[in-house]
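Asks: One structure follows; several queries about it will come next.
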Amino acid sequence: MSLQATINIVFDRVGKTDPVTRGIEITVNYLGIQFDVKFWSQHISFILVGIIIVTSIRGLLITLTKFFYAISSSKSSNVIVLLLAQIMGMYFVSSVLLIRMSMPLEYRTIVTEVLGELQFNFYHRWFDVIFLVSALSSILFLYLAHKQAPEKHMAP
């Protein structure tokens, strides 16, 4: 994923076809079999996009629940619920915006119509930049954390 983000940033690349369709096309061409790529890629893409959205929102909810449970009190519960709803709404819309690039072309146009005239390429590029910076900083942080406490990781 980091390699793909780097390639997208360096070459200012925007995908033309979704990864599922491209993967099925490559497999069908390699194996030389008769296969309805358009039909199956739509169904497989729909299922995968659903799985990605459900699991990412589930992960966000678990993390936010732990965070809010740690800072909550009886007086701040209403504010925390409103803040959680706001974060979930923004997260869902941004997930749909970013997953739009992985959808087949006819579904991309539907999402584009619903969300309006946004500059999708701008958001996709910044997503790659932020992802790459986050991944590299996480690697650096984990490296420094393991370097500071090497005795915990050594076997007795």
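The values are calculated or read from the model by the stated rules, or taken from the named source; none is laboratory data. Since we're looking at a predicted model, the values are computed, not measured. Methodologically, a virtual Cβ is constructed for each residue, glycine included, from the backbone with ideal geometry; neighbour enumeration extends over all protein chains shown. For the accessible areas, the whole protein counts, side chains as well, though only heavy atoms, and no ligand, DNA or RNA atoms are used. Shrake-Rupley method; radii C 1.70, N 1.55, O 1.52, S 1.80 Å.
Asks: Could you derive backbone 3J(HN,Hα) for segment 22-28 from the dihedral phi with the Karplus parameters 6.51, -1.76 and 1.60 (θ = phi - 60°), listing whole Hz in sequence and x where the residue is Gly or Pro?
Replies: These are the phi-based 3J(HN,Hα) values: 4, x, 5, 4, 4, 5, 5 Hz.
Asks: Moving to a separate point now. When ligands, DNA and RNA are left out and all protein chains stay put, how many square angstrom of accessible area per residue does segment 25-114 have with a 1.4 Å probe?
Replies: 73
Asks: Mind giving me the FRET efficiency for Ile51 and Gln148? R0 is 30 Å, r the Cβ-Cβ distance, nearest 0.05 is fine.
Replies: 0.20
Asks: Next question, about the same structure. Could you go through segment 116-127 in sequence order and give the Karplus-derived ³J(HN,Hα) for each residue, using 6.51 cos²θ - 1.76 cosθ + 1.60 with θ = phi - 60°, rounded to whole Hz, and x for Gly and Pro?
Replies: Whole-Hz 3J(HN,Hα) from phi for segment 116-127: x, 7, 8, 8, 4, 4, 4, 5, 5, 5, 5, 4.
Asks: Taking the Cα-to-Cβ direction at Glu117 and at Leu97 and moving 7 Å from each Cα, how far apart do the two end points lie in nm?
Replies: Inter-label distance under the simple model: 1.8 nm.
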